[in-house]
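These notes are about the structure you will find just below.
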Amino acid sequence: MLPYGRQAIDDDDVAAVVAALRSDWLTTGPAVDAFEAAVSAHAGGGEVVSVTSGTAALHVAYAATGVGPGDEVVTSPLTFVATAATAVLQGATVVFADVEPDTGNLDVEAARAAITPRTRVVTAVDYAGLPAEPEAFAALAREHGLHYVADAAHSIGSTWGGRPVGSFADLTTMSFFPTKNITTGEGGAVVSADPELAGRARRFHNHGLVRDPAAQRWPDEGPWHQEVHELGLNYRLPDVLAALGTAQLRRLDAFKARRTELHARYDAGLADVPGVRTPAHRDQADPMWHLYPLRVLEGRRREVFDALRAAGIGVQVNYIPAYWHPAFADRGYRRGLCPNAEEYYRQEISLPLFPGLADDDVDRVIEVIRRTVGDR
């Protein structure tokens, strides 16, 4: 089965992991510092807090904002459920706003209309790797005194107006799952140029521990002393995985170039196919394409999906609207809330896209789609 996403591991990655295993540090060591510095270099220079997953990154980011009971978080429903679930775990109420019908990204004006006096955070998702109007969301957040969180799980390596993802939002979250643009196995990161937010994020990802005597209440207890002022969790990324991430980042540009080539090959092969719609672009964006989200029209998505799977092509659908999950339906959210997102979901198929994908594989995917939608 041809997968829709796959990690790209080479001998340098293996050597980096082996070196970490043979070092004195398996966790909380120098490989973590090196990885965080490398991520920062690709994300605009903000402070980076590495964590155990993209979900952990979102949880840490929301905790850093101080969002909690009585507060609202405005976000997109066209995302993996963690974007919303981690806000709920902080006690916040999630308000879903609709997406742009062509890109699947959170619509700025829909988000604006969803803001109330209780709104504390707006979280935009860079769907498929295409940045979600970061300048407009930064301005919206400033206008209303909100925190802007960018869920960049799909988009490390993307730029907008020449600026990298990670340099616009108050807090940017990243994911390094194996199918993502780089991998640490499991892992993620939070990026922030705001020292206070970054400090809160770093404390929360390490149990809330305060080790600086100048910030402690009882600093004279002894040199071993540490305090917890606000409760946190252990979301620390170990050195072994951080070492893999640093090695992967050295090939980020090559990964981006190959993903761009593959995306363009799909575009060229599917542009004239009736009944399908290729992904939208934005002039300001230079995306690191994580997904190739094909839209299949006229109610034929399941037919095309089944044909591709039957041909040994492991396509996927990204994503069921978050509020369709029973965990949100049981909280009173109802279908029909965001029509654009629901229509996008009904049409979307994620075609295989990863650096090791061969041109012949892309052509085979295109051929199955052309044959299927042309056979009425």
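The values are calculated or read from the model by the stated rules, or taken from the named source; none is laboratory data. Just so you know, these numbers come straight off a predicted model, no measurement behind them. Methodologically, a virtual Cβ is constructed for each residue, glycine included, from the backbone with ideal geometry; neighbour enumeration extends over all protein chains shown.
Observations, loosely collected:
- The residues of segment 306-329 that are surrounded by fewer than 20 Cβ atoms within 10 Å (Cβ to Cβ) and not in a loop (DSSP other than H, G, I, E, B), listed by number, are D306, A307, R309, A310, G314, Q316, W324, P326, A327, A329.
- Number of the exception - P131 against (1) within 25 Å of R236 (Cα to Cα); (2) in a loop (DSSP other than H, G, I, E, B): (1)
- If you check V60, V88, V14 for being in the same structural domain as R202 (by TED's automatic domain parsing), surrounded by 18 or more Cβ atoms within 10 Å (Cβ to Cβ), of a type in the set (V, I, T) and not in a strand (DSSP E or B), only one passes: V60.
- Meets criteria (in the same structural domain as E36 (by TED's automatic domain parsing), at pLDDT below 95 and not in a loop (DSSP other than H, G, I, E, B)) for A139: no
- Number of the exception - A113 against (1) surrounded by fewer than 24 Cβ atoms within 10 Å (Cβ to Cβ); (2) over 14 Å from V74 (Cβ atoms); (3) among the hydrophobic types (A, V, I, L, M, F, W, C): (2)
- Residue satisfying condition, being acidic (D, E), crowded, with 17+ Cβ neighbours inside 10 Å and either closer than 21 Å to R277 by Cβ or out of contact with any helix residue (DSSP H, G or I) (no Cβ under 9 Å at 6 or more places or on another chain) (or both), within set E342, E303, E298: E342
- The set of residues in segment 259-278 that are crowded, with 17+ Cβ neighbours inside 10 Å, closer than 27 Å to G162 by Cα, over 18 Å from the mean Cα position of the chain (by Cα) and not β-branched (V, I, T) comprises L262, H263, R265, Y266.
- Residue in segment 343-353 that is part of a loop (DSSP other than H, G, I, E, B), among the basic types (K, R) and in contact (Cβ under 8 Å) with a residue 24 or more places away in the chain present: no
- Pairs where the first residue, in segment 113-127, is outside the structural domain of G68 (by TED's automatic domain parsing) and the second is of a type in the set (A, V, I, L, M, F, W, C) and surrounded by fewer than 24 Cβ atoms within 10 Å (Cβ to Cβ), C-beta under 7 Å, 6+ apart: none
- Single condition G332 does not satisfy, out of (1) assigned to a loop (DSSP other than H, G, I, E, B); (2) surrounded by fewer than 20 Cβ atoms within 10 Å (Cβ to Cβ); (3) in contact (Cβ under 8 Å) with a residue 60 or more places away in the chain: (3)
- Of the criteria (1) within 22 Å of E196 (Cα to Cα); (2) free of Cβ contacts under 8 Å to residues at least 12 places away in the same chain, which one G44 fails: (2)
- Considering residues of segment 17-43 that are acidic (D, E) and over 30 Å from L262 (Cα atoms) only, the residue surrounded by the fewest Cβ atoms within 10 Å (Cβ to Cβ): D24
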